[in-house]
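Let me begin by presenting the structure, written as structure tokens, before commenting on it.
The values are calculated or read from the model by the stated rules, or taken from the named source; none is laboratory data. Fair warning: this is a prediction, and the values are worked out from it, not measured in the lab. Cβ placement follows ideal geometry from the backbone for every residue including glycine, while neighbour counts extend to all protein chains displayed.
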Amino acid sequence: MTTLLALDTATEACSVALLHDGRVLSHYEVIPRLHAQRLLPMIKELLDQAGVPLAALDAIAFGRGPGAFTGVRIAIGVVQGLAFALDRPVLPVSNLAALAQRAQREHGAQQVAAAIDARMDEVYWGCYRAEQGEMRLTGIEAVLPPERASLPRDAAGDWFGAGTGWGTYAARIPVAVSGQDGAMLPHAEDLLSLARFAWARGEAVVADQAQPVYLRDQVATPKAAQ
């Protein structure tokens, strides 16, 4: 049986989830600015609860962004440290996809417009459709002003709005949705669900390929020398 660990610190939420012997355990806390202090203890607590040693892990999944710059870096630092030490592969998962997966799990949504508040008067945006239980990206993920958000050209049927981008900018997003959850944050349990699909497809990569996806170039790219 596959044993996977998933962790996420890309937003205000800090969460970990474990798949072992077909059973999923998770721990989730909304703790802004405390991720660095809590993440490793949370991992230890979860593994202890399950009675699973680190060495039993087959791979480690993580939220690769988009999200808060510092939060994404915390997750990558921890996942690379663990993966290098254990000689295990990693599974990068989009935080927007994890939001969409959570909307499916909690609201039964089959089409999700995921939006994370990106600050600077912008949102991280992505649209997803359920395919055999997995939320798959339709189009591209982008960072943009709320007014420029849109559904795919072939969009039809009901769409659900998920994420803090809706909580902050719903009135400015020109997209009709049948329902929304503007307080929703990514959860490692849903990240783990997506990681299981990726693992089955053989999409795990070596630890040094655990790279962030910020979408916002000016954050990810160092300033040129003056």
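Being within 16 Å of the chain's Cα centre (by Cα), under 14 Å from residue 188 (Cα atoms) and either modelled with pLDDT under 95 or not aromatic (Phe, Trp, Tyr) (or both): is that true of residue 13 here? Yes, satisfied.
Restricting attention to the stretch 119-165, report how many residues are crowded, with 17+ Cβ neighbours inside 10 Å, in a loop (DSSP other than H, G, I, E, B) and of a type in the set (Gly, Ala, Ser). Of the residues in the stretch 119-165, 2 are crowded, with 17+ Cβ neighbours inside 10 Å, in a loop (DSSP other than H, G, I, E, B) and of a type in the set (Gly, Ala, Ser).
Across the stretch 199-211, what is the total count of residues that are modelled with pLDDT under 95 and either surrounded by 19 or more Cβ atoms within 10 Å (Cβ to Cβ) or not assigned by TED's automatic domain parsing to the domain that holds residue 80 (or both)? So the count comes out to 1. Taking every residue in the stretch 66-84 that is without any contact (Cβ under 8 Å) to a residue 40 or more places away in the chain and not assigned by TED's automatic domain parsing to the domain that holds residue 209 and pairing it with any residue that is among the hydrophobic types (A, V, I, L, M, F, W, C) and surrounded by fewer than 24 Cβ atoms within 10 Å (Cβ to Cβ), at least 6 positions away or on another chain, yields no pair with a Cβ-Cβ distance below 7 Å.
The condition of being within 26 Å of residue 16 (Cα to Cα), in contact with a helix residue (DSSP H, G or I) (Cβ under 8 Å, 6 or more places away or on another chain) and at pLDDT 95 or above holds for only one of 167, 161, that being 161. Strands (runs of 3 or more DSSP E) fully within the stretch 1-91 that include at least 1 residues being buried (at least 23 other Cβ atoms within 10 Å of the Cβ): 4-8, 13-20, 59-63.
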